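Asker: Supplied in C-alpha cells, the structure appears directly below.
The values are calculated or read from the model by the stated rules, or taken from the named source; none is laboratory data. Since the structure is predicted, the reported quantities are computational estimates derived from the model, not experimental observations. Every residue, glycine among them, receives a Cβ derived from its backbone with ideal geometry; neighbour counts consider all protein chains shown.
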C-alpha cells in the first residue's frame, strides 16, 4: 500500500503501509485487495519514485506550479501538515496502477481541484519503510467530525469541515465518486493494513493567504 491484487507496485515505490495505492486502484478498477505485493519490474514515475543518489539532497518534494493544483494539506487537530504532489496512473508490464507520492501526500489528478464542485481525493502513507519518505497521514486516525482540513493552492486556503471518519473495505468505490458539493476525501490505511481509513469533509470557506502558504 504476498497477495494477489488487481494492481502491482514497483520495488522503488513500495513501503510498509502502502495501501494508499489501493485507494486509487479501487477508484480505477472498482476493486482492490490489501497492499503488500512487491514487483520485480522497475517502474519510473514522477511522484512515486524516490530521488536518485544524485538528487537525494535536493528539494524534499516536487514543486507544484500554482494555478489551481493543491500544494499543501493541513489537519490541525491531527497534527498533519504535508506537501502535496500530483499522482496518476502508470503502466507496468501492462498492468495499471496508481503512483504514490514521494515525501508528500498525493492528489489524484482525475479528482476535483480545491474549491471545485466534486470530490478532491488525497492519499497518504500511514507508515513508511524508507525513513527518507513521509508518512503524511500517520495521525489521520485522530481526526474527528467538526475538525478542519485546510488545502492550499496558490494564494488561497480552502477550509473543509470534517463530516465523516470511517473505516471501510478496500472495495468501497462509492467514496471516490463526485457529487455537486465541493468535498475532500483523505485516505490512508488502517494500522493493520487490512482496511482503509477515510476522512470526508465539505468546503466551508475560501481565504486569501497573500501567497504565504
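Asker: Give the residues of the range 98-123 that are touching a helix residue (DSSP H, G or I) at 6+ places or on another chain (Cβ under 8 Å) and under 10 Å from residue 182 (Cβ atoms), sorted by residue number.
Answerer: Selection gives 119 alone.
Asker: Now a separate question. For the range 139-171, what are the residues that are under 16 Å from residue 193 (Cβ atoms) and surrounded by fewer than 20 Cβ atoms within 10 Å (Cβ to Cβ)?
Answerer: To start, the set of residues in the range 139-171 that are under 16 Å from residue 193 (Cβ atoms) comprises 140-141, 167-171.
Once the filter is applied, which keeps residues that are under 16 Å from residue 193 (Cβ atoms) and surrounded by fewer than 20 Cβ atoms within 10 Å (Cβ to Cβ), the range 139-171 yields 141, 167, 168, 169, 171.
Asker: Something else now. Tell me, which strands (runs of 3 or more DSSP E) lie completely within the range 53-113 with 1 or more residues that are at pLDDT 95 or above and surrounded by 24 or more Cβ atoms within 10 Å (Cβ to Cβ)?
Answerer: By residue number, 72-75, 80-87, 105-108.
Asker: Quick one: how many residues across the range 90-131 are touching a strand residue (DSSP E or B) at 6+ places or on another chain (Cβ under 9 Å) and more than 28 Å from residue 162 (Cβ to Cβ)? Give the steps one after another, and end with the answer.
Answerer: Step one: list which residues in the range 90-131 are touching a strand residue (DSSP E or B) at 6+ places or on another chain (Cβ under 9 Å), which gives 90-91, 96-127.
Now restrict to residues that are more than 28 Å from residue 162 (Cβ to Cβ): 90-91, 96-97.
Counting residues in the range 90-131 that are touching a strand residue (DSSP E or B) at 6+ places or on another chain (Cβ under 9 Å) and more than 28 Å from residue 162 (Cβ to Cβ) gives 4.
Asker: Let me ask you something else. Determine whether the range 31-45 contains at least one residue that is crowded, with 21+ Cβ neighbours inside 10 Å, modelled with pLDDT under 95 and part of a loop (DSSP other than H, G, I, E, B).
Answerer: Keep residues of the range 31-45 that are crowded, with 21+ Cβ neighbours inside 10 Å, which gives 32, 35.
Subsequent filtering for residues that are modelled with pLDDT under 95 retains 32, 35.
Going one step further and asking which of them are part of a loop (DSSP other than H, G, I, E, B), we end up with 32, 35.
Scanning the range 31-45 turns up at least one residue that is crowded, with 21+ Cβ neighbours inside 10 Å, modelled with pLDDT under 95 and part of a loop (DSSP other than H, G, I, E, B).
Asker: Give me the pairs, please: first residue somewhere in the range 131-154 and at positive phi and in a loop (DSSP other than H, G, I, E, B), second residue anywhere and at pLDDT 95 or above and surrounded by 18 or more Cβ atoms within 10 Å (Cβ to Cβ), beta-carbon distance under 8 Å, and either six or more positions apart or on two chains.
Answerer: 146/162; 154/71
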